[in-house]
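See below for the structure under consideration.
The values are calculated or read from the model by the stated rules, or taken from the named source; none is laboratory data. For clarity, every value in this text was computed on a predicted model and none was experimentally measured. Positions of Cβ are generated from backbone atoms using ideal geometry, with glycine treated the same way; all protein chains shown enter the neighbour counts.
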Amino acid sequence: MTLLLILQLIGILPFLPVAPMASADPHDAYIRTFRQVAIQEMERTGIPASIKLAQAILESNGGRSELATKAHNHFGIKCGSNWKGPTYELKDDDYDDAGNHINSCFRVYRKDEASFIAHSEFLRDPNKASRYGFLFRIPPTDYRRWAHGLHKAGYATNPRYPQLLIDMIERYHLDQYDLVSPDALDKLAGITRINDVKLTFAREKETLATIAARTEVSVNQLLKYNDYVYTPDTPLNEDDLVYLQPKRSYFRGKQSWHKVQPGESLLSIAQLYGIRVDKLRKKNRIPDGFEPATGERIRLRWKIRKSDTPRTVRQGPVPEKVPIPDPPKQTLPKEPARPAPSVVVDDDLPDSSRPRTEPVNIAVPSVEDDPGRPTRATWHTVAPGDTLWRIAKQYDLTVEKLKSINRLTSDQIGVGQKLRVK
């Protein structure tokens, strides 16, 4: 059920008149078949559903054209230099140097809906921003300006093209599908999209609580959607990415790889591209507790081959479970108090557990200065979903205190990592 229909049913929007259904008019059936995908594409990209339906009807003769029936191509999109899929040849408006009418190359899609999506991507292609970019500053409810804008951008050479679109929209009342514009509402709330996932950019010192209030997404959902990279009440930096929907399993854009920069982690890369961190880890065959080394390439879509597995470094040393000896029974002479050491000695970590490569984030526990005295420490093993904030609350600590006693330089921790909590 569409948002438009829901608002109509509960009385927020009136039911609008719909063109009479005439069985003799194939356009009616075409509109009923493809209006849902047109609305979905309007919500995803901002292209009015009325414009998309009107263009599709004109270009495909209501789905009866040769291209629509044999190539699932409803918008007459040609192959272009970047198309690698199947093709269909048909005479259109191409001529050779001698002036002979020759076949044009058109794209073939696996299903009709794919053609509607491809039409959206054609208009919002970054390489065509100088040509079509201004259209996306026109409200989706203003189909007249969109119709004239398409002609101005050179989408069609027919001087009557804008009026043909407008006549089609008004004849079949296609503008009823433009009444609810989620993108326009999202703009007011500071919401945009990456990888077709809704997100917002944090304002300076904003918290998840304030973001939850202005986006109507609960704090618990924000924590989950962002892989617990943030804590509920910690002030965020300006322009931090906060996802408002579940991230996707792969990147839908053109980029296939990401080169790891200094200081980046799988988590920060996942946030950058709107991908779930567990899916990103699986695609690149990186085990829990490890991060990709600087300079390595991370696959954003398909799973890599074993031979392409990137070099990794540990997130942090995982100490072995070494039993702590009981204090000696004999009474030692009391020594005068010594000042706190200026250098922390990591006696609790055996040399065998230290990785040869530099770890991303090392937890270095504090120990007593006197090596002759045994240390009774309490450790916490990081589990999936743990954050510094959660661990600190569990042991009645502050995040700053937890980071201090472990000598952590960032908020990133890894599954299996040992943190000292006492």
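Values for this structure:
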| quantity | calculated |
| --- | --- |
| Residue satisfying condition, being acidic (Asp, Glu) and in contact with a helix residue (DSSP H, G or I) (Cβ under 6 Å, 6 or more places away or on another chain), within set Asp227, Asp233 | Asp227 |
| Of residues in the range 76-134 being among the polar types (S, T, N, Q) and touching a residue at least 40 places away in the same chain (Cβ under 8 Å), the one surrounded by the most Cβ atoms within 10 Å (Cβ to Cβ) | Ser115 |
| Scan of the range 239-260 for residues that are closer than 21 Å to Glu216 by Cα and touching a Phe, Trp or Tyr at 6+ places or on another chain (Cβ under 8 Å), ordered by number | Asp239, Asp240, Leu241, Val242, Tyr243, Leu244, Gln245, Pro246, Lys247 |
| Unique residue being hydrophobic (A, V, I, L, M, F, W, C) and under 25 Å from Gln36 (Cα atoms) when the list is Leu90, Leu67 | Leu67 |
| Among residues of the range 236-256, those that are surrounded by 14 or more Cβ atoms within 10 Å (Cβ to Cβ) and over 15 Å from the mean Cα position of the chain (by Cα), counted | 1 |
| Those residues of the range 260-299 which are outside any strand (DSSP E or B) and touching a His at 6+ places or on another chain (Cβ under 6 Å), in sequence order | Ile269 |
| Enumeration of residues in the range 57-67 that are surrounded by 14 or more Cβ atoms within 10 Å (Cβ to Cβ) and not small (Gly, Ala, Ser) | Ile57, Leu58, Glu59, Asn61, Leu67 |
| Where a residue in the range 299-311 is farther than 17 Å from Leu272 by Cα and touching a residue at least 60 places away in the same chain (Cβ under 8 Å) and its partner, wherever it lies, is part of a loop (DSSP other than H, G, I, E, B) and not aliphatic (A, V, I, L, M), with Cβ under 7 Å and at least six apart | none |
| The range 202-222 - residue that is more than 19 Å from the chain's Cα centre (by Cα) and part of a helix (DSSP H, G or I) and, of those, nearest to Gly190 (Cα to Cα) | Arg214 |
| Tabulated pairs, the range 385-407, first assigned to a helix (DSSP H, G or I), second surrounded by fewer than 18 Cβ atoms within 10 Å (Cβ to Cβ) and among the hydroxyl-bearing types (Ser, Thr, Tyr), C-beta under 7 angstrom, 6+ apart or interchain | Ala392/Thr398 |
| Single match in Lys52, Lys70 (criterion: crowded, with 18+ Cβ neighbours inside 10 Å, charged (D, E, K, R) and in the same structural domain as Trp146 (by TED's automatic domain parsing)) | Lys52 |
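For every residue, the table says whether it meets (1) among the aliphatic types (A, V, I, L, M); (2) at pLDDT 90 or above; (3) closer than 24 Å to Arg44 by Cα.
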{"residue": "Tyr95", "(1), (2), (3)": "no, no, no"}
{"residue": "Ala114", "(1), (2), (3)": "yes, yes, yes"}
{"residue": "Gly149", "(1), (2), (3)": "no, yes, yes"}
{"residue": "Arg171", "(1), (2), (3)": "no, yes, no"}
